[in-house]
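Here the structure is laid out as structure tokens; the discussion comes afterwards.
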Amino acid sequence: SDLGLKRISITFGTVVGSFNCSRNKLESLKGCPSKVGGDFWCSLNKLISLEGSPKEVGGSFYCSRNKLVSLKGCPSEAYDFWCSHNKLVSLKGCPSKVGRDFNCSNNKKQFTEKDVKSLCKVGGKIYIK
């Protein structure tokens, strides 16, 4: 994180622990690990898509404060899922299961709990404001 990266110049496979590529200038997640055993952070970049993000994340998934217009490409499950402060008008493509908290506040569309629950089983709190 915090390296001023515009792209990830190597391709990762599996990362046993956590992977943090936040606070850069990334426009793509090409090169990210396909599997992360811990948490995955890609917040505070210039991402418009999650294509290239890990298919499996053992911990939490944080993609807040980007320019996301779609959640297509994110993992099917996460412990926490934060996609706040983006340009989302739909939650289509979000994880089908989140173990704890789901935060989709401060997007182009004001989502409701019903929007989240129609796509995802959430084990904790849902943040919409």
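The values are calculated or read from the model by the stated rules, or taken from the named source; none is laboratory data. This one's a predicted model, so the numbers in the text were calculated from it and none came from an experiment. With ideal geometry, Cβ positions are generated from the backbone for all residues, glycine too; neighbour counts draw on all protein chains shown. Keep in mind that these areas ignore ligands, DNA and RNA; they rest on the heavy atoms of the full protein, side chains included. Shrake-Rupley method; radii C 1.70, N 1.55, O 1.52, S 1.80 Å.
Observations on the model:
- Single condition Ser84 does not satisfy, out of (1) touching a Cys at 6+ places or on another chain (Cβ under 9 Å); (2) open to solvent by 40 Å² or more (accessible area, probe 1.4 Å); (3) closer than 25 Å to Ile126 by Cα: (2)
- Of all residues in the stretch 70-98, those that are out of contact with any strand residue (DSSP E or B) (no Cβ under 8 Å at 6 or more places or on another chain) and either of a type outside the set (A, V, I, L, M, F, W, C) or over 25 Å from Thr11 (Cβ atoms) (or both) total 12.
- Checking every residue in the stretch 55-65 against the condition of being over 17 Å from Asn103 (Cα atoms), among the polar types (S, T, N, Q) and in a loop (DSSP other than H, G, I, E, B) gives zero matches.
- Residue among Glu51, Glu56 that is of a type in the set (D, E, K, R), touching a strand residue (DSSP E or B) at 6+ places or on another chain (Cβ under 8 Å) and open to solvent by 10 Å² or more (accessible area, probe 1.4 Å): Glu56
- Any hit, the stretch 9-26, residues being in a strand (DSSP E or B) and closer than 14 Å to Asp80 by Cα: no
- Conditions (1) under 12 Å from the mean Cα position of the chain (by Cα); (2) open to solvent by 60 Å² or more (accessible area, probe 1.4 Å); (3) in contact (Cβ under 8 Å) with a residue 24 or more places away in the chain: number failed by Ser76: (3)
- Residues that are within 11 Å of the chain's Cα centre (by Cα), farther than 13 Å from Phe12 by Cβ and open to solvent by less than 30 Å² (accessible area, probe 1.4 Å) within the stretch 32-41 are absent altogether.
- The stretch 95-127, residues that are open to solvent by less than 20 Å² (accessible area, probe 1.4 Å) and within 21 Å of Ser76 (Cβ to Cβ): Pro95, Val98, Phe102, Asn103, Cys104, Phe111, Val116, Cys120
- Test: Glu27 is surrounded by fewer than 16 Cβ atoms within 10 Å (Cβ to Cβ) and closer than 24 Å to Leu3 by Cα: yes
- Tally, over the stretch 73-115, of residues that are closer than 21 Å to Asn45 by Cβ and assigned to a strand (DSSP E or B): 5
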